[in-house]
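No lab work stands behind these numbers, since they all come straight from the coordinates. Values in this document were obtained by computation on a predicted structure and should not be read as measured data. Counting neighbours? That spans all protein chains shown, and the Cβs are built from the backbone with ideal geometry, glycine included.
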Amino acid sequence: MNDLKGRDLLCTQDWSIEDLQRTLDLAFEFKANRYDHPLNNCLDRRTFFMFFYNPSVRTRQSFEAAATELGGHAQFLEPKSMRLKTGKKAGETIQDAANVMSRYAVGIGIRILETALEYYGQGHELLQEYAKYASVPIVSMAHDKFHPCQGLADVMGYKMHAGKDLKGKKFVQVWGKGALVRSWCSVQESILINTRFGMDVTLAYPPGYDLDPEVIKMCEENAEMAGGRFEIVHDLEEAYTGADIVYSRNWMTSAFYDNMAKHGVEKAKQIEIERAAKHDDWITTKEWMSLTNDAFFTHCGPVDRNAEVTDEVCDGSRSIVYDVAENRLHVQKAIMALTMGKIE
Amino acid sequence: MNDLKGRDLLCTQDWSIEDLQRTLDLAFEFKANRYDHPLNNCLDRRTFFMFFYNPSVRTRQSFEAAATELGGHAQFLEPKSMRLKTGKKAGETIQDAANVMSRYAVGIGIRILETALEYYGQGHELLQEYAKYASVPIVSMAHDKFHPCQGLADVMGYKMHAGKDLKGKKFVQVWGKGALVRSWCSVQESILINTRFGMDVTLAYPPGYDLDPEVIKMCEENAEMAGGRFEIVHDLEEAYTGADIVYSRNWMTSAFYDNMAKHGVEKAKQIEIERAAKHDDWITTKEWMSLTNDAFFTHCGPVDRNAEVTDEVCDGSRSIVYDVAENRLHVQKAIMALTMGKIE
Amino acid sequence: MNDLKGRDLLCTQDWSIEDLQRTLDLAFEFKANRYDHPLNNCLDRRTFFMFFYNPSVRTRQSFEAAATELGGHAQFLEPKSMRLKTGKKAGETIQDAANVMSRYAVGIGIRILETALEYYGQGHELLQEYAKYASVPIVSMAHDKFHPCQGLADVMGYKMHAGKDLKGKKFVQVWGKGALVRSWCSVQESILINTRFGMDVTLAYPPGYDLDPEVIKMCEENAEMAGGRFEIVHDLEEAYTGADIVYSRNWMTSAFYDNMAKHGVEKAKQIEIERAAKHDDWITTKEWMSLTNDAFFTHCGPVDRNAEVTDEVCDGSRSIVYDVAENRLHVQKAIMALTMGKIE
């Protein structure tokens, strides 16, 4: 029975572990049989709408390719060219947009990140509003809080390389320096899904880079439920020691939104860049990796080389970054097939 | 016999009532059998070009989905990024563009509205020039004068809800206030096609909002031919009383083009917005609707809620706005199938 | 045996004459059997990425249509909205972008011209870097040095009209005045491929419009190898006399890049436009054509009418410009089928 048909996906946390496992199973099948799987025509001549409030590279490429590989078509839409109501400005309401789009498409993907928002959580609220009015599934293509497709692609990569059963593996989510002022979404999704799959998750960052306390609380609950551990450290040696998987990634501080409101987006970015530059040690090097249990190195991409990680590690034999990037395609095909695909 | 093969569609007025009826019949078939109609692959691997001189929401979504559902692909093209000749500026002529595009595609859709034009009628002339040189059908995706796909979607909606035979139904096209400064195209197409289908059409607007006199003359002739009536009123009570269908919609005055030439587009819009704001009564409310024959409420979308119509009416049980929006897809599939589809 | 599978195409010069002939043979087959050739589904549900660093009309239209006609889908991507590393700016490296894209797509097309570059040859270097890291074929969709798809479409047109064997035909590549400040890519590709196919190639331009000396040297070697001739003249009478095919086209001087660095792109264009305007005779007219051997007139488009060529010649019975434009579709389908298509 396909009980995922019609379901939204705003965060992996909203789905049961069985739902997630089933999605991963299908993603592995699609990987093994890229163009000739029995579900490979399940979007036959169907339309999927991709709404990009913020631009993207691999999210657009992989979603559009996913729809194509399932026999459908993903439309690339930018709300900036749509006469949508915003604040007091006249325009179409989300209620109307979502209702009409549900008549044309079998699903809608939405990407909305910090620079298109006024406060943390507003992107999530927008997706929830679309989900409320749309009669077709809403899938997050990365928003301020979560990035479920990345989380699933990550886990798929760990299962490919570190073993099918991830329970008890030490997973380190480590903050990295750099000038790209990244969103919290990939990192929060990562620690959520990895605690659910029973990994021992260590979140490591310099003081001041705290993530959403509600997400942290969920991670603690997930770990308890799955029989794993979740801990936060601010020490690099402690973080790397004994790790099985290392995921290095920059993220902004919670001050970003306020600074954007006060000083504009460019200045807010500049403040983050200057702050991040002070943490010179926070880069994944061969030396730090030597403390690990010959860990795999992963990253959601795009990689900020020689800031988040050295070339040596990123190009090394334990790097799985390209495999994880490829997995985006497979998991998105699985999500689309299960939530939107036609049932023969 | 498919005598629509190769035909342009710039206005429903250019097609016989039999052609229009046949298109609607096929649209109903596509609605009943969305993905498995015998003609559902009639654009198999064919390309349809969509030219957006002006941006759009549902026109782009529904045309691109229509091509996909027929097994083809619609390319989203913006002439601003094309090196086309404009005025004295060097670039490719419409003659060359239309000839070359006819080699690549089975049809071309064009959208061009007021803000991309210098005078009323220029958009229609541009479509006629494309039609002259292209050897494939040109379909209006809304231009300054007409919007044939919307007109057909409207009539399809009325047939779904008000009855297959529309003769003698009172149809009210009523101007609505609001800040969106809308084109004449949907409204003119509406009164043209509705008079042709034998409805008693009442066009209601505040003094100063006259439409194209040639279109009004055609409506009078259409009504006479079809045995219906066409009248213009400036009184809301008279308009709503006894109506079977109410279509509320803002439109600009004929002064817009001159103001745009003199003061620029933003100032010209501001002038229209201020003028429109004076007509506070011109909104479709539950009170006005109570004068009708339990009328259906329709709108071509995007709806400017609480300006053109109240939420109460727009969300009420007699509102058919989402069905009409959906019909855009079905009628456009029918138009494409009949004018561009392969014949087995 | 398909020994073109996996091959890049940056310039026709990189492929053997047999490879080019085979591509042309398949292009002719696709032309004869547009939608039902046995290879017509060889990109079934596969993705092709189109990277447009510079905008385009027919290149985008014809590549996207080509993918559609082969059962696949071409994604329209603009690197300006991609977080790519440029100079010292943080972002994704070409190494990472090319590696990841190779996981999603069966091939990548890239267009990059003068205004997106700092020096002549930089575009070619960029394509070579993509080719180095991508595991799927890289196809030039026009770059600063070459335009292989245009070159193949040209030759296909000459074979259609001037005869299957082109050896000994006099081909004239003549500079044309005009305000469009064109790239060298189409012209350099043209003289390269035409000397390889054994035509007697005359390159005619006013003093100061020299092309890349390395390309000129390759043309001389090509001519010698093929038993034809290659000559450069600055005299129009000499150029046109006895010609079998005339290809008129504007191009910039080599000073453009320096002027762009010094004065910006608009001023650099202005300098070229003023310089080009001095050569009033350099337009293909009926009078010049009367010196030829009833030559065919060709152009890669978009045509700058009444600057590069008069309407009379361009619309005359010997003009093959639309056929050559159509050929872009057929040769690109052939290139994609042979380098990226699935093998049954």
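Would you mind listing the distances between the residue C:16 label point and the same position in each other copy? Use 7 Å along Cα-to-C-beta, nm, one decimal, shortest first.
Going from nearest to farthest copy, the values are 6.1, 6.1 nm.
With both bridge residues required to lie in chain A, what share of the DSSP beta bridges run antiparallel, to the nearest 5%?
Numbers: 1 of 37 bridges.
So the antiparallel bridges amount to about 5 percent of the total.
Let me spell out the model: positive unit charges on the Cβ of Lys and Arg, negative unit charges on the Cβ of Asp and Glu, origin at the Cα centre of the stretch B:79-182. What dipole size does that give, in debye rounded to 20?
With Lys and Arg at +1 and Asp and Glu at -1, about 280 debye.
For the stretch A:13-64, give the magnitude of the charge dipole about the Cα centre (Cβ charges: +1 Lys/Arg, -1 Asp/Glu; no others), in debye to the nearest 20. If you can, show how the numbers build up before the last one.
Numbers: 7 positive and 8 negative charges, 64 e Å.
Once rounded to the nearest 20, the dipole reads 300 debye.
Would you please report the Å³ per residue occupied by the convex hull of the alpha carbon atoms in the stretch B:150-321?
Numbers: hull volume 16.9 nm³, N = 172.
Given the Cα convex hull of the stretch B:150-321, per-residue volume reads 98 Å³.
Would you calculate the volume per residue, in Å³, of the smallest convex hull containing every Cα atom of the protein assembly as shown?
Numbers: hull volume 184.0 nm³, N = 1032.
Convex hull of Cα atoms, per residue: 178 Å³.
Among A:5/C:5; A:132/B:167; A:333/B:31, which pairs are too far apart, with a Cα-Cα distance over 31 Å?
Numbers: A:5/C:5 39 Å; A:132/B:167 39 Å; A:333/B:31 27 Å.
In this structure, A:5/C:5; A:132/B:167 exceed 31 Å between Cα atoms.
Please report the spacing between the Cα centers of the stretch B:24-79 and the stretch B:127-142 in Å, no decimals.
Taking the Cα centre of the stretch B:127-142 as reference, the centre of the stretch B:24-79 is 17 Å away.
Using the Kirkwood radius built from alpha carbon pairs, what does the Stokes-Einstein equation give as D for chain C at 37 °C and 0.692 mPa s, in µm² per second? List each step's numbers first, then the result.
On the way: Rh = 20.4 Å.
Using the Kirkwood radius from Cα pairs, D works out to 161 µm²/s.
With an 8 Å cut-off on Cα pairs and a minimum separation of 6 or more residues, tell me the relative contact order of the stretch C:160-306 in percent. Mind dumping the intermediate values first?
On the way: 254 pairs, mean separation 48.0, N = 147.
Relative contact order for the stretch C:160-306 comes out at 33 percent.
Distances in nm, one decimal, shortest first, from residue B:229 to the same residue in every other copy, taking the label point 7 angstrom along Cα→Cβ.
Residue B:229 label point versus its equivalents elsewhere: 8.6, 8.6 nm.
Counting only other chains, what is the mean number of Cβ atoms within 10 angstrom of the Cβ of each residue in peptide B:93-99?
Details: counts 6, 0, 5, 12, 5, 0, 5.
That works out to 5 on average.
For peptide A:47-60, compute the average count of partner chain beta-carbon atoms within 10 Å of each residue's beta-carbon.
On the way: counts 9, 1, 3, 0, 0, 1, 0, 1, 5, 3, 12, 8, 0, 4.
The shielding value for this peptide is 3.
For every other residue with a beta carbon closer than 11 angstrom to the beta carbon of residue A:168, add +1 if it is Lys or Arg and -1 if Asp or Glu, then tell me the sum.
Value of the local net charge: +1.
Show me the three semi-axes of the equivalent ellipsoid for the stretch A:264-342, from the C-alpha gyration tensor (sqrt of 5 times each eigenvalue), largest first, rounded to whole Å.
Details: eigenvalues 178, 103, 15 Å².
Output for the stretch A:264-342: semi-axes of 30, 23, 9 Å.
What's the ranking of A:303-312, B:59-68, C:274-283 by average number of surrounding C-beta atoms within 10 Å, highest first?
Values: A:303-312: 20.9, B:59-68: 26.0, C:274-283: 15.3.
Going from most to least packed, we get B:59-68, A:303-312, C:274-283.
DSSP loop GluC sites (Glu not before Pro) in the stretch A:95-161 with at most 14 other Cβ atoms within 10 Å of their Cβ, which ones?
A:118
For residue A:177, give me every one of the lysines with a C-alpha distance below 26 angstrom, ignoring sequence neighbours fewer than eight places off in its own chain.
Straight-distance partners of residue A:177: A:145, A:169, A:217, A:262, A:267, A:269, A:278, A:286, C:80, C:85, C:88, C:89.
Which residues in the stretch B:182-210 have a backbone N closer than 18 Å to a point placed 7 Å from the Cα of residue B:120 along the Cα-to-Cβ line?
Label zone hits: B:182-193, B:203-210.
Suppose only helical runs count, i.e. DSSP H with n ≥ 4. What mean residue ellipticity at 222 nm does that imply for chain A under -39500 (n - 2.57) per run, divided by all residues and rounded to the nearest 500 deg cm²/dmol? Provide the component values of the computation, followed by the final result.
Values: 13 runs with 146 residues, N = 344.
Here the helix-only value at 222 nm equals -13000 deg cm²/dmol.
What does the highest-first list of B:330-337, A:168-175 look like by mean Cβ count within 10 Å? Could the numbers behind the result be given before it?
Numbers: B:330-337: 28.0, A:168-175: 23.0.
Those peptides, ordered most packed to least, come out B:330-337, A:168-175.
Quote the charge dipole size of the stretch C:150-325 about the Cα centre in Debye, to the nearest 20; the model charges only the Cβ of Lys and Arg (+1) and of Asp and Glu (-1). The partial results should precede the final answer.
Numbers: 19 positive and 29 negative charges, 68 e Å.
Rounded to the nearest 20 debye, it is 320 debye.
What's the extension gain from residue A:294 to residue A:214 if we count 0.36 nm per residue and subtract their Cα-Cα distance? Could the numbers behind the result be given before it?
Values: separation 80, 0.36 × 80 = 28.80 nm, distance 3.23 nm.
Fully extending the segment from residue A:294 to residue A:214 adds 25.6 nm.
For residue B:316, which inter-copy label distances result when the label point lies 7 Å beyond Cα on the Cα-to-Cβ vector, reported in nm to one decimal and in ascending order?
Distances between equivalent label points, in nm: 7.0, 7.0.
Select from A:204, B:24, B:134 the residue farthest towards the positive end of the dipole of the protein assembly as shown; place +1 on Cβ of Lys and Arg, -1 on Cβ of Asp and Glu, and compute about the Cα centre.
Farthest along the dipole direction, towards plus: B:24.
With Cβ to Cβ distances under 13 Å as the rule, what net charge do the other residues near residue A:276 carry (K, R +1; D, E -1)? Walk me through the numbers on the way to the answer.
Working: positive: A:177, A:182, A:249, A:269, A:275, A:278; negative: A:272, A:274, A:280, A:281, A:304, A:308.
That works out to 0.
With a cut-off of 8 Å between alpha carbons and a minimum separation of six or more residues, what is the relative contact order of chain B in percent?
Numbers: 678 pairs, mean separation 74.0, N = 344.
Over chain B, the number comes to 22 percent.
Among B:12, B:23, which comes first, second and so on when ranked by fewest other beta-carbon atoms within 10 Å?
B:12, B:23
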